[in-house]
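Enquirer: Right, I'll just put the structure down here and ask away after.
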């Protein structure tokens, strides 16, 4: 017999059982005893099928007495059975709308007891019935909760009051080996200690992987899994209690477990209050979790390491893995993606390959795109357009930049194959400081590196990250690095002067916390698997102790005349019409590359407006405008002979 047929048969038997139960109650009101055939029919469903009737399940799950069971059935019958509703109406004098009162139930049902409607009794505690107490307890009109009414009828679903808060989580396509082992360990502990009312705390940097582990454990226990974001937990005690009661009722009706998902490291206080009120199996996931009053099982779930990510990519791509085999090692080392992201990206790649796309670079581009989702919300992504040809710097600086690119490119060889990464996890990040005046090419150099390495580049304005509130800067930086860990992008921290400075002398608490913030930034930069760059206009203002924690320090000098001429020559695209430009004379203008670019661009707009080619006169006008912005008028020596 198929599962669907078995369910349909159960529904039919359950309906038949309800009809017999309602007939029994009608007979009771008439003053007679239920027919033996009726009692036999009611019990027959248990003999024929493994699943009890819905009313028997509710009775067992919520520990109802015989009187409470019949009272719940009576409230259901008034809604579902017209004849029983009429009988109840007649019993109340015929002038009332068909309903049930507690006094009626006390008079008509077997083994009555007053505690049936106590607030701590199961009928009211689990909100199986609702009552209107405005006319006193015995005259209070009783009504079955709609969710429970449908359950008794054989229709089971998540309570509509919980739908806006919860989402169902299904098993992912892939599960990392380390996560599978963690799930097996948690499951073994639950089976030993009892899983019906347990708390499982899953921490680490792989939030999606934590959900995978929870789903695996719940599935093995035959439980459905629902996710509640921590941000959706209400703040007031009454709302917390109401949510806890509704969910605990659902755990029994749906045979379900709950995941409280904490995406931020700062977990709202009400989450702990909510969890302390819950029974059933509860998972709490997040980067870091507070201490709860309930004791729980703890496990750490981090993103898969490079070797395991490669295996996941092979599983996700299946037979198509052969087309991108040369890219798997580099991708596995550069990007830290969860198993779920790998499965989703792998499915997209298979479709694209099946559609005829060339495999060259396809996997790498897909990983870059997948890694952008979180970081795009926190930092400015720069589309790198510059290359080595347009970067004008002294040879020593260019050599150092190429060395940086080489280190990023060969990390897999040195750290993994040659074993340097096995000795210590500290200092494996590639960190750099770019120091120099504004416009000397610091951001352009970062663009060149991003282009060379085929990586995304994100600019973070540290002046916007730094907060006057103690501890807030660290939280902002933590959120940023947590998001960046997946992407492997190049991080360019602009305006480092806003955070760094000579702070060896601590004068007050703000200086002390500033030191903590700087140390935290450097710590995260050193641990970051990508390339992290700081820029500053005032290298001398930085404490030398910070220099020692940076792998590269590059000074971007103000360009000399020959370098300025090279910058001018590279400034105009081949399609730009020019006429009579004297680059040697232009090089006498004492401005950095950023200012030169502004002048060239503004001159191009002046020429376009005049319908002419770019000439020295346009550049002279644009140069004066640029100088006015800097409050430094141009000298005659700088512009002599331009027109």
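Taken together, the values in this text are just the output of simple stated rules run on the coordinates, not laboratory data. None of the values given here were measured: they were computed from a predicted structure. Using ideal geometry, Cβ is built from the backbone for each residue, glycine included, and neighbour counts are taken over all protein chains shown.
Enquirer: Between residue 219 and residue 558, what length in nm is gained on full extension when 0.36 nm per residue of separation is reduced by their alpha carbon distance?
Expert: Taking 0.36 nm per residue and subtracting the Cα distance, the gain is 115.7 nm.
Enquirer: Still on this structure, I have one more. Output the relative contact order of region 167-300, whole-number percent, from Cα pairs under 8 angstrom with separation of 6+ residues.
Expert: That works out to 37 percent.
Enquirer: Can you give the angle from 0 to 90° between the axis of helix 442-453 and the longest principal axis of the chain, with both taken from C-alpha atoms, to the nearest 10?
Expert: 70
Enquirer: Here is a further query. Using the count of nearby Cβ atoms within 10 Å as a rough guide to exposure, how do 179, 609, 590 rank from fewest to most?
Expert: 609, 590, 179
Enquirer: Does anyone have the angle between helix 509-527 and the longest principal axis of the chain? Alpha-carbon axes, 0 to 90°, nearest 10?
Expert: Long axis of 509-527 versus the principal axis of the chain: about 90 degrees.
Enquirer: At residue 266 and residue 519, where each label point lies 7 Å from the Cα along Cα→Cβ, what is the point-to-point distance in nanometres?
Expert: 2.1
Enquirer: Same structure again: Using only Cα atoms and rounding to the nearest 10 degrees, what angle (0 to 90) does helix 36-48 make with the longest principal axis of the chain?
Expert: Long axis of 36-48 versus the principal axis of the chain: about 30 degrees.
Enquirer: Which distance in Å, rounded to a whole number, links the C-alpha centroids of region 597-621 and region 314-371?
Expert: Centre-to-centre distance over Cα atoms comes out at 46 Å.
Enquirer: Using Cα pairs closer than 8 Å and at least 6 residues apart in sequence, work out the relative contact order for the chain, in percent.
Expert: Value for the chain: 9 percent.
Enquirer: Grab the beta carbon distance between residue 576 and residue 124, set R0 = 51 Å, and tell me the FRET efficiency rounded to 0.05.
Expert: 0.05
Enquirer: Give me 599, 120, 240 sorted ascending by neighbouring Cβ count inside 10 Å, so fewest comes first.
Expert: Placing the least packed residue first, the sequence is 120, 240, 599.
Enquirer: Related question: Mind running the shape call on region 143-297? Use the C-alpha gyration tensor, a ≥ b ≥ c as the square roots of the eigenvalues: rounded below 1.5 for a/c, prolate if a/b tops b/c, oblate otherwise.
Expert: Oblate is the answer for region 143-297, as a/c is 1.5 or above yet b/c matches or exceeds a/b.
Enquirer: With a 10 Å radius around each residue's Cβ, average the other Cβ atoms per peptide and rank 207-213, 58-64, highest first.
Expert: 207-213, 58-64
Enquirer: Can you tell me the relative contact order of region 561-639? Whole percent, Cα pairs under 8 Å, sequence separation 6 or more.
Expert: For region 561-639, the relative contact order is 34 percent.
Enquirer: Here's another thing I want to ask about it. Arranged by the count of other C-beta atoms within 10 angstrom, fewest first, what order do 188, 65, 298, 216 take?
Expert: 188, 298, 65, 216
Enquirer: As an exercise, use a Förster radius of 35 Å and the Cβ-Cβ distance of residue 383 and residue 298 to find the FRET efficiency, rounded to the nearest 0.05.
Expert: Calculated transfer efficiency: 0.20.
Enquirer: Looking at [x] 1.16; [y] 1.08; [z] 1.31, which value of Rg/Rh (Cα atoms, Kirkwood Rh) comes from a calculation on the structure shown?
Expert: [x]
Enquirer: Continuing with this model, one more query. Could you check the spin-label model distance between residue 52 and residue 307? Points 7 Å from the Cα along Cα→Cβ, value in nm.
Expert: The answer from the label model is 5.1 nm.
Enquirer: Would you calculate the separation in nanometres between label points at residue 438 and residue 132, each defined as 7 Å from the Cα along the Cα-to-beta-carbon direction?
Expert: Distance between label points: 7.2 nm.
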